[in-house]
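*Asks:* Could you have a look at this structure, given as structure tokens, before my questions?
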Amino acid sequence: TLKHMAACYRATNRYVKAIECYKKVEQLQPDAVSTVLSIGNCLLELGSVDEALKYYYKADFMNGAKHRAWRPIAWCSFITGNDERALNYYEKIINEDKASAQDYMNRAHVLLCSKHIPEAFDNYNKSLEMESNKQDFRDAFFNDAKHLHDRGVSDDDMALIVDALLNKETI
């Protein structure tokens with residue numbers, strides 16, 4: 001019942017209430033990886049990135065976690081400016097898991113912000129190749145605009161990057 005309540009709270013963006021329920025579940029089932037990840041996800045939605053990272057790391061070291069914590073650890077690392085850690089986790093995802101278009105895009109964001117422009121474009125192109133259409137790629141890219149902007153990428157640069165990628169121009 002607590003899990004269902006937490007899921008309902010989370011679905012209605014009531015993350016603080018969801019966390020309260022998930023923490024009660026965690027006390028009852030301390031080895032439940034999905035509960036720990038859910039707490040981390042709620043904390044991330046609330047903007048508590050450092051606190052979310054603690055839960056993602058905890059999940060990563062739990063039995064049965066497999067690769068489930070790698071993506072959120074990589075993303076949180078990017079948001080907090082720890083590009084080296086983010087790249088390490090994206091490498092693990094690409095080499096040891098099934099990488100998605102979003103994984104390549106997120107890795108490209110990290111490379112872009114760490115000034116590895118040619119590598120960033122290679123990863124953006126891999127992401128674009130995996131997307132079902134150009135509009136999906138464009139939407140996914142601009143969904144991350146706030147984070148890119150926070151990391152110093154201007155709106156003009158974002159527009160130029162997407163235009164170059166969608167028109168297959170070289171840099």
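*Asks:* Could you work out the relative contact order of the chain, using alpha carbon pairs under 8 angstrom and six or more residues apart, expressed as a whole percent? Show your work: numbers first, answer last.
*Replies:* Working: 187 pairs, mean separation 19.6, N = 171.
RCO, the chain: 11 percent.
*Asks:* Picking from Leu166, Cys113, Leu87, whose Cα lies most toward the positive end of the charge dipole for region 84-171 (charges on Cβ: Lys, Arg +1; Asp, Glu -1)?
*Replies:* Going by the charge dipole, the pick is Leu87.
*Asks:* Report the extension gain between Arg138 and Asp155 in nm, rounded to one decimal, defined as 0.36 nm multiplied by the number of residues separating them, less their alpha carbon distance.
*Replies:* Stretched fully, the Arg138-Asp155 segment lengthens by 4.8 nm.
*Asks:* With every protein chain kept in place and ligands, DNA and RNA left out, what is the accessible area per residue of the chain? Probe 1.4 Å, answer in Å².
*Replies:* Ligands and nucleic acids excluded, the result is 54 Å² per residue.
*Asks:* While we're here: Taking the Cα centre of region 1-66 as the origin and placing charges on Cβ (Lys, Arg +1; Asp, Glu -1), which of Val33, Leu46, Tyr9 is farthest toward the positive end of the dipole?
*Replies:* Result: Tyr9.
*Asks:* Consider a paramagnetic label point 7 Å from the Cα of Ala145 along Cα→Cβ; state which residues of region 154-168 have an amide N under 12 Å from it.
*Replies:* Residues 154-160, 162 qualify, since their backbone N sits under 12 Å from the label point.
*Asks:* Then there is this: Let me know the shape class of region 1-93, please: from the alpha-carbon gyration tensor, a ≥ b ≥ c as square roots of the eigenvalues, rounded when a/c is under 1.5, otherwise prolate if a/b is greater than b/c, or oblate. Present the calculation step by step, with values, prior to reporting the outcome.
*Replies:* On the way: a/c = 2.60, a/b = 1.55, b/c = 1.68.
Oblate.
*Asks:* Compare the Cα positions of Phe141, Tyr56, Leu128 along the charge dipole of region 50-145 (+1 at Cβ of Lys, Arg; -1 at Cβ of Asp, Glu; about the Cα centre) and return the one farthest towards the positive end.
*Replies:* Going by the charge dipole, the pick is Tyr56.
*Asks:* May I pose another question? Computed from these coordinates, which is volume of the Cα convex hull per residue in Å³: (1) 130; (2) 139; (3) 120?
*Replies:* (3)
*Asks:* Give the separation of the Cα centroids, region 1-48 to region 72-100, in Å.
*Replies:* Here the two parts' Cα centres lie 23 Å apart.
*Asks:* Where the only charges are on Cβ atoms (+1 Lys, Arg; -1 Asp, Glu), what is the dipole of region 1-158 about its Cα centre, to the nearest 20 debye?
*Replies:* For this selection, approximately 740 debye.
*Asks:* If you roll a 1.4 Å probe over the chain with all protein chains in place, what percent of the accessible area is carbon or sulfur? Kindly include the intermediate steps, with their values, before the conclusion.
*Replies:* Details: 4590 of 9320 Å².
On the chain, the fraction of accessible area on carbon and sulfur atoms equals 49 percent.
*Asks:* Counting other Cβ atoms within 10 Å of each Cβ, which GluC sites (Glu not before Pro) in region 112-171 have at most 14 and sit in a DSSP loop?
*Replies:* Glu169
*Asks:* Still on this structure: Quickly estimate the mean residue ellipticity at 222 nm for the chain, helices only: each DSSP H run with n ≥ 4 gives -39500 (n - 2.57), and the total goes over all residues, rounded to 500.
*Replies:* That comes out to -23000 deg cm²/dmol.
*Asks:* So how strong a dipole does region 46-93 carry about its Cα centre when Lys and Arg Cβ are +1 and Asp and Glu Cβ are -1, to the nearest 20 debye?
*Replies:* 260
The values are calculated or read from the model by the stated rules, or taken from the named source; none is laboratory data. Please read these numbers as outputs of a predicted model, since none were measured by experiment. Virtual Cβ from ideal backbone geometry, glycine too; neighbours counted across all protein chains shown. Side chains are part of the model used for accessible areas, which takes the heavy atoms of the whole protein and leaves out ligands, DNA and RNA. Shrake-Rupley method; radii C 1.70, N 1.55, O 1.52, S 1.80 Å.
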